[in-house]
Amino acid sequence: MIMTTVAGASTLEAVNDVLASVTGSINGLLWNHVLIYLLVLAGAFFTIRLGFIQFRRLGHGFHSVLNGRESDDGISSFQVFCTSMAARVGTGNMAGIAVAIIGGGPGAIFWMWVIALLGMSTAFVEATLAQLFKVKDEDGFFRGGPAYYMERGLGQRWMGTLFSIFLIIAFGLVFNAVQANTIAAAIGDSFGIDKMLLGGIMVVATALIIMGGIKKVAKASEIIVPIMALVYLAVALVVVVLNITEVPGVIALIIKSAFGWEQAGAGLLGALIIGAKRGLFSNEAGMGSAASVAASANPNPNHPASQGFIQMTGVFVDTIVICTASAAIILLSGVMDNPGSAEGIGLLQLALTNELGGWATYFVAFAIILFSFSSIIANYSYAENNVMFLNGNTKKGLMAFRFLVLGMVMFGAMAKVAVVWDLADASMGMMAVVNIIAVLALSGIAIKLAKDYLRQLDQGLKPRFEMKNFPELEGKLEKGVWDK
């Protein structure tokens with residue numbers, strides 16, 4: 001029995017080593033030589049072409065979110081916003097911030113902000129395109145996303161198929177393993193509960209929701225997301241108030257480290273690369289993932305660009321608000337002066353414990369359950385849309401995929417953190433490259449839609465999409481979706 005156990009452990013160790021080597025090579029190519037430039041250039045391009053829409057119209061974005069509960073039928077814009085936020089607000093906002101600060105120094109936070117601000121325009125474009133090219137499935141629900149605008153907008157189904165495969169691997173499988181890994185680490189370390197038992201509990205809880213499909217995911221997200229975000233921000237605000245005199249110094253440290261002026265930082269290149277990686281993982285701008293659920297909304301007003309404003313706002317809330325809250329907790333607490341062996345979510349737990357006392361360990365454990373579990377079910381909804389694309393918008397094979405997702409949740413609860421994060425970075429990077437190429441190719445129509453929406457809005461009208469104003473789309477949109 002002992003020899004069998006040792007052999008099994010050795011095999012698992014060997015698999016982890018191989019995965020680490022392969023993903024390390026892929027990540028080196030993607031993140032150091034390809035994706036950083038694509039993300040920054042695409043974000044800058046869309047920012048300029050849209051007239052800095054993320055700054056000029058951010059207020060309208062918040063207005064759209066708060067008034068997005070109305071829907072004639074199906075899923076409302078607010079439910080879709082909550083679903084996308086459920087996926088965005090997870091390990092990237094908590095453990096990911098700690099990873100960024102340890103690996104890239106405080107300056108990584110600055111580059112997360114930059115990537116987010118530029119990425120808001122990219123999120124606007126991809127969500128607008130997702131709404132435009134959406135279709136109805138056999139149950140009458142809307143489906144869409146990058147795979148659909150690649151097929152219908154560009155006429156390249158092969159490209160949509162490639163994107164769908166990457167997204168299914170990334171969000172349906174790997175990212176859910178990441179979220180489960182973080183839950184198991186936080187709860188297991190705090191309460192000494194066996195990780196296999198935790199994995200089993202997560203599998204059962206996940207199954208109860210995802211077996212009901214995207215509509216049940218949207219309803220659950222609408223309840224969980226507002227509560228978890230407000231409670232977490234309230235705790236972060238307490239930490240800021242307790243250390244208010246230290247805030248200017250922390251801001252200065254972030255800026256100095258971002259440009260390599262601070263010895264404690266990782267230098268300009270290290271801070272930029274790590275900040276961009278963690279920023280993209282957190283807010284998903286440019287990946288096309290949130291666009292996969294953005295298409296599910298039945299928006300009011302009935303115009304594709306309306307969902308663009310909502311998803312643009314989601315990027316702001318995720319990174320500029322919630323990620324900054326996590327960074328403030330860590331940097332104001334002083335734990336970076338002597339972090340010891342703490343890493344990932346453990347560093348955030350240590351920071352809050354130092355500031356607020358021992359109960360904070362339990363609060364972080366509770367927050368991790370909400371943040372990460374909501375991400376698991378929302379990630380599933382992204383993947384479901386793309387499984388449907390591959391199957392011609394039918395539910396064929398969907399049940400088998402659900403069981404595969406549940407298997408990855410169990411795997412994630414027991415896997416090594418480093419390997420899981422590396423897999424997440426690799427799959428996310430490949431997916432983002434395919435999507436950015438597509439949104440750049442279709443940027444002309446997205447910009448025209450934005451101008452059409454804003455023209456009507458500035459005239460005091462409730463914007464509506466009219467096919468007659470877009471003759472170039474003739475034959476590319478599904479009948480009955482926009483020509484009703």
Efficiency of FRET between residue 366 and residue 251 - r from beta-carbon atoms, R0 35 angstrom, step 0.05: 0.75
In sequence order, what are the phi-derived ³J(HN,Hα) couplings for segment 447-459 according to the Karplus relation 6.51 cos²θ - 1.76 cosθ + 1.60 with θ = phi - 60°, rounded to whole Hz, with x for glycine and proline? 5, 5, 5, 4, 5, 5, 5, 5, 4, 5, 4, 5, 8
Amide H of residue 156: which non-local residues (sequence gap of 5 or more, or other chain) have their own amide H closer than 5 Å, using H built in the peptide plane? 151
For residue 222, the accessible surface traced by a 1.4 Å probe with all protein chains present amounts, in square angstrom to the nearest 10, to 50 Å²
Using θ = phi - 60° and the Karplus curve 6.51 cos²θ - 1.76 cosθ + 1.60, what whole-Hz ³J(HN,Hα) does each residue of segment 403-412 get, with Gly and Pro shown as x? 5, 5, 4, 4, x, 5, 4, 5, 4, x
Sorting 111, 482, 359 on solvent-accessible surface, 1.4 Å probe, most exposed first, gives 359, 111, 482
What are the ³J(HN,Hα) values, in whole Hz, obtained from phi via the Karplus relation 6.51 cos²θ - 1.76 cosθ + 1.60 with θ = phi - 60°, for each residue of segment 153-169 in sequence order, with x given for Gly and Pro? x, 9, x, 10, 5, 4, 5, x, 5, 4, 4, 4, 5, 4, 5, 4, 5
Local net charge near residue 315, Cβ-Cβ under 12 Å (Lys/Arg +1, Asp/Glu -1): -2
Would you mind checking 396/468; 134/195; 219/479; 219/462 for any pair whose Cα atoms are more than 30 angstrom apart? 396/468; 134/195
Using a 1.4 Å probe and ignoring any ligands, DNA or RNA, find the accessible area of residue 458 and quote it in Å² to the nearest 10. 100 Å²
Global geometry of segment 129-240, whether rounded, prolate or oblate, following the gyration tensor of its Cα atoms and the 1.5 cut on a/c: prolate
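The values are calculated or read from the model by the stated rules, or taken from the named source; none is laboratory data. This structure is a prediction, so every number in the text was calculated from the model and none was measured. In this analysis, Cβ positions are derived from the backbone assuming ideal geometry, glycine residues included, and neighbour counts consider all displayed protein chains. To get the accessible areas, we keep the full protein, side chains included, count just its heavy atoms, and leave off ligands, DNA and RNA. Shrake-Rupley method; radii C 1.70, N 1.55, O 1.52, S 1.80 Å.
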